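Read-outs: derived from the displayed coordinates by stated rules, not from any lab. Just so it is clear, the structure is predicted and the values come from calculations on it, not from any experiment. Heads up, the Cβs are rebuilt from the backbone with ideal geometry, glycines too, and the neighbour counts pull from every protein chain shown.
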2 protein chains.
Amino acid sequence: MTTPPINNIALIGIGLINSSLARAVRLKNLSAHIAVADINPDHLAMAQQIGLGHKYCRRNAEAVAEADLVIIGTPLGATAQVLQEISPHLKQGCIVTDVGSVKRCVVRDCAQFLPAHVFAIPGHPIAGTEHSGPAAGFAELFQDRFCVLVNDLCADEYARNTLENFWRACGAIVEWMEAAHHDQVLAITSHLPHLIAYTIVGTATDLAKDLKQEVIRYSASGFRDFTRIAASDPTMWRDVFMTNRDAVLDILQRFNEDLTHLQRAIRAGDAATLFDWFTRTRDIRRNIVSLKQHVPEDQKKTGQP
Amino acid sequence: MTTPPINNIALIGIGLINSSLARAVRLKNLSAHIAVADINPDHLAMAQQIGLGHKYCRRNAEAVAEADLVIIGTPLGATAQVLQEISPHLKQGCIVTDVGSVKRCVVRDCAQFLPAHVFAIPGHPIAGTEHSGPAAGFAELFQDRFCVLVNDLCADEYARNTLENFWRACGAIVEWMEAAHHDQVLAITSHLPHLIAYTIVGTATDLAKDLKQEVIRYSASGFRDFTRIAASDPTMWRDVFMTNRDAVLDILQRFNEDLTHLQRAIRAGDAATLFDWFTRTRDIRRNIVSLKQHVPEDQKKTGQP
């Protein structure tokens, strides 16, 4: 089912994701008008300089007044306040979505703050880089990437199709999911890996200066991959761990048990336990490669080990 | 100082590293003769089929008889036995090196098993991929990668220059280091990251089947980077942890303390601690990028978060 074009889009927060969306919308002519709002005047000025929108607003309420589709691209910690600000100004039948990495909290906030005459469909495009801000975006960011849309709140087929087609037009593969399931899966695939990467890079940061310089020099042997992940936006990730606490602590507990198991094997000189573990872990990689969820650069030479 | 060419090279074990060296030696005409030995008849047959050497030997002793340079490319657990086997057959003035990821154990074994009339210079090219075996090698593997040579055993300048120039001719950047310092730095940059990656992928392997499929499907959000590291050769990595136990356990202890610190912050809802930590970790990445120790593909778009 196709749906008519969206005439007016409001982008609340113009960071990496929303600035990429603005570029995709303009490139593919997906909407006649884009209103951009950001509380950071530097980001707003930069968005205007790049020409990402048609209207630039300091106040979120101003940006949403004519919108058929509102996309909240602020850190998760700001979502509740944004929803409260825009709520009285939303048009009848407007679709309100977001791009945050945790979804139960957004479902809860939408249910609490949005009026009954709008469609709330929280979302999460699983795409990004370690760079942030309006200058870091690019139109192809969502190409062949998954975008999860959450079906907890909105049963309206027309609104669901409209948003699904919008993301497809931006290049994404749309998947519908319950918010709780999304948060559990992403705790494993994204939040725990980021926490681990932040930890190990922090551990290295505390080393004596000479040793730290050596670690940077020889980082190609594995450490480097973690530093890229650990260079992600601090505000965004603080909010992820604040809002997906239970799912993260649950998988972290399992990880800790497994790490202790391997630590004991190393201390005891238990070669068989290590060999078995290191053999088992190859299967998941084969699955990822066979599902074509790896990227070609994964196969190029690296500095490892 | 330049040194004369090496007339005869013996490659003991024809896996990823030594098969890449064989290709580089032939491509750049660095030696008139290469003798290849491997206890695995399949690998030896494949090496012969590819045409990596001039002579193929089941027995290590046979391969080294005429060698000016012997390069041991077996897993670390086999090094002591290889040294015992070849020791009585080595020519006067032969250089014996290796490519293992841990160096104190190799220094110890060389001191114990090699005769006084050869030059022992353990080494570690910091290069590799997650693929193994003679078919996985390529001549450019060492281009612009560090190769650490260990100065604990050999003070002979002529031998040191010969080996250094050999690695430079293969494209590597040579660094001389004490074995103990190498093992401490690599424990941080390589061994701990691999242990962590093996752990998290193992944790995911134990998930219920449905959830595991979802994790594979959405692996682009961070997890995927860990699966590539955790697909590395199990024998090699078992031996790394068996031989560099103390340095790995030391840095692992610090990592565990730091992870517990962040875990407590998540549980307590301590946003400031997380934000500070996630901000500090950006500096190391900037250093790596400014030292050009990142790879271009690091900067391309990824599926994160």
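Those residues that are surrounded by 19 or more Cβ atoms within 10 Å (Cβ to Cβ) and facing chain B (nearest Cβ under 7 Å), I need them from region A:264-279; list them, please.
Of everything in region A:264-279, those that are surrounded by 19 or more Cβ atoms within 10 Å (Cβ to Cβ) and facing chain B (nearest Cβ under 7 Å) turn out to be A:Ile266, A:Leu274, A:Trp277, A:Phe278.
Would you please name the residue that is farthest from A:Phe241 (Cα to Cα), looking only at residues in region A:100-134 that are among the small types (Gly, Ala, Ser) and buried (at least 16 other Cβ atoms within 10 Å of the Cβ)? Spell out how you get there, then give the answer.
Residues of region A:100-134 among the small types (Gly, Ala, Ser): A:100-101, A:111, A:116, A:120, A:123, A:127-128, A:132-133.
From the residues that got through so far, the ones that are buried (at least 16 other Cβ atoms within 10 Å of the Cβ) too are A:100-101, A:120, A:123, A:127-128, A:132-133.
Details: A:Gly100: 12, A:Ser101: 10, A:Ala120: 23, A:Gly123: 18, A:Ala127: 18, A:Gly128: 18, A:Ser132: 18, A:Gly133: 21 Å.
Result: A:Ala120.
Among the residues of region B:230-268, write down those that are of a type in the set (Ser, Thr, Tyr) and without any contact (Cβ under 8 Å) to a residue 24 or more places away in the chain.
B:Thr260 - this is the single residue of region B:230-268 that is of a type in the set (Ser, Thr, Tyr) and without any contact (Cβ under 8 Å) to a residue 24 or more places away in the chain.
Specify the residue that is farthest from B:Leu291 (Cα to Cα); the eligible residues are those in region A:207-232 that are of a type in the set (Asp, Glu) and facing chain B (nearest Cβ under 7 Å).
Result: A:Asp225.
Is it true that some residue in region B:146-168 is in contact with a Cys (Cβ under 7 Å, 6 or more places away or on another chain), more than 25 Å from B:Ile86 (Cα to Cα) and either among the small types (Gly, Ala, Ser) or more than 10 Å from every other protein chain (Cβ to nearest Cβ) (or both)?
no
From the set of residues in region B:233-250 that are in contact with a His (Cβ under 8 Å, 6 or more places away or on another chain) and at the interface with chain A (Cβ under 7 Å from one of its Cβ atoms), which is farthest from B:Gly128 (Cα to Cα)?
B:Val248
Among (1) free of Cβ contacts under 8 Å to residues at least 40 places away in the same chain; (2) over 22 Å from A:Asn244 (Cα atoms); (3) touching a helix residue (DSSP H, G or I) at 6+ places or on another chain (Cβ under 9 Å), where does A:Ala155 come up short?
Of (1) free of Cβ contacts under 8 Å to residues at least 40 places away in the same chain; (2) over 22 Å from A:Asn244 (Cα atoms); (3) touching a helix residue (DSSP H, G or I) at 6+ places or on another chain (Cβ under 9 Å), only one is false for A:Ala155: (3).
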